[in-house]
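What follows is one structure encoded as structure tokens, with my remarks underneath.
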Amino acid sequence: MTTAAQVTTGGGATNEATGRPKTLSERADELEEQMLKQLDRVPSKSPLYTMGDVDPRVGTVAQPLQPGQFFLQGPDPRLPKMPDKPALLDFFNLRFRQGGIQHLLQSANLALKNGHNEKIITACLLHDIGVVGFIRADHGYWGAQLVEPYVDEEITWAIRAHQALRFYPDESVGYTYPEQYIRNFGADYKPEPYIEAAYKEALKHKWYMTSRLITVNDLYSFDPNVEVHLEDFVDILGRNFRQPEEGLGFDNSPVAHMWRTMMWPTRFL
Ligand SMILES: [Fe+2]
Ligand SMILES: [Fe+2]
């Protein structure tokens with residue numbers, strides 16, 4: 001295997017088609033292409049990884065294999081190595097975005113301080129795992145699905161519903177529309193009709209308040225004066241997340257493939 005440092009940049013400094021100096025992103029693409037040419041196992045990019053940056057109908061065309069090269073079908077050597085039987089904490093430590101984890105920990109910590117039960121604390125701790133480790137869009141739905149076989153039904157329901165509830169205030173518990181959403185999405189942003197429908201459905205549900213409490217304890221900015229550690233929640237997770245013996249990804253659950261994809265995201269098939 002060749003490391004990026006060993007790859008020398010080739011080609012000219014200008015884009016041959018436009019005659020202009022190459023942009024940073026063109027140079028990065030070029031470097032990546034050269035690096036891939038020198039790997040003995042070539043990782044692949046699924047359509048979803050590049051969609052938007054490139055037109056998905058064209059996609060990122062795999063470079064032809066060089067003699068002696070094969071497509072990667074296992075762990076990506078550029079990523080931290082996962083254990084054979086990965087536990088949820090391994091994903092927290094080796095896959096999830098570390099800044100995002102602090103958001104989850106601070107939300108769970110706030111729920112703990114506010115005296116909520118372990119189901120609510122666990123829901124807060126896991127509510128954005130879609131964002132930190134998998135797919136941002138529709139993150140409440142992806143996140144709920146990821147944990148569904150391993151947690152109480154109420155936790156899954158709450159994570160799924162927080163996708164919609166976070167856009168709607170509930171003055172009875174002091175939840176107002178987040179200022180940050182105005183900055184992020186613009187003052188005129190209106191959720192899609194499917195989100196509004198999900199909100200209206202959730203209002204009538206017996207677990208409405210569980211999901212609402214995720215939004216109440218959802219911190220929209222870090223408190224830089226508070227540092228929360230994952231270790232502080234290991235016991236609560238141990239009691240509320242049924243870790244499969246075979247490891248996440250290998251327990252043949254309906255979502256095992258999703259955990260495998262986070263573990264080995266660049267396999268060819
Ligand atoms: Fe969220
Ligand atoms: Fe959140």
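For (1) assigned to a loop (DSSP other than H, G, I, E, B); (2) farther than 22 Å from Arg260 by Cα, each residue gets a yes or a no:
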site: Ser44; (1), (2): yes, no
site: Tyr49; (1), (2): no, no
site: Pro56; (1), (2): yes, yes
site: Val61; (1), (2): yes, yes
site: Pro64; (1), (2): yes, yes
site: Pro67; (1), (2): yes, yes
site: Asp76; (1), (2): yes, no
Exercise. Considering only residues of the stretch 91-113 that are in a loop (DSSP other than H, G, I, E, B) and open to solvent by 30 Å² or more (accessible area, probe 1.4 Å), which is nearest to Val228 (Cα to Cα)?
Worked result: Arg97
For this session: Please enumerate the residues belonging to the stretch 221-269 that are in a loop (DSSP other than H, G, I, E, B), farther than 24 Å from Glu118 by Cβ and open to solvent by 20 Å² or more (accessible area, probe 1.4 Å).
Result: Ser221, Pro224, Asn225, Glu246, Phe250, Asn252, Pro254, Trp264, Pro265, Arg267, Phe268, Leu269
For this session: Among the residues of the stretch 70-90, count how many are crowded, with 16+ Cβ neighbours inside 10 Å and either in contact with a Gly (Cβ under 6 Å, 6 or more places away or on another chain) or among the polar types (S, T, N, Q) (or both).
Result: 1
For this session: Answer yes if at least one residue in the stretch 149-165 is hydrophobic (A, V, I, L, M, F, W, C), touching an Asp or Glu at 6+ places or on another chain (Cβ under 8 Å) and more than 12 Å from ligand 2 (Cβ to nearest atom), and no otherwise.
Result: yes
Exercise. Among Glu231, Glu196, which is the only one that is out of contact with any His (no Cβ under 8 Å at 6 or more places or on another chain) and either under 23 Å from Thr122 (Cβ atoms) or among the small types (Gly, Ala, Ser) (or both)?
Worked result: Glu231
Problem set entry | Any pair with Cβ under 6 angstrom, 6 or more apart, that starts in the stretch 213-233 at a residue that is within 14 Å of ligand 2 (Cβ to nearest atom) and ends at one that is in a loop (DSSP other than H, G, I, E, B) and at pLDDT below 95 | Tyr220/Pro178
For this session: Scan the stretch 184-196 and give yes if some residue there is surrounded by 22 or more Cβ atoms within 10 Å (Cβ to Cβ), within 13 Å of ligand 1 (Cβ to nearest atom) and of a type in the set (Val, Ile, Thr), otherwise no.
Result: no
Problem set entry | Residue among Tyr194, Tyr189, Tyr177, Tyr168 that alone is in contact (Cβ under 8 Å) with a residue 12 or more places away in the chain, among the aromatic types (Phe, Trp, Tyr) and either more than 28 Å from Phe241 (Cα to Cα) or not in a helix (DSSP H, G or I) (or both) | Tyr168
Exercise. Could we say that Glu201 is open to solvent by 60 Å² or more (accessible area, probe 1.4 Å), under 16 Å from Gly140 (Cβ atoms), within 16 Å of ligand 1 (Cβ to nearest atom) and charged (D, E, K, R) here?
Worked result: no
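The values are calculated or read from the model by the stated rules, or taken from the named source; none is laboratory data. No experiment lies behind these values; they were computed from the predicted model shown. Backbone-built Cβ (ideal geometry, glycine too); neighbour counts: all protein chains shown. Quick note on the areas: whole protein, heavy atoms, side chains included, nothing else; ligands and nucleic acids left out. Shrake-Rupley method; radii C 1.70, N 1.55, O 1.52, S 1.80 Å.
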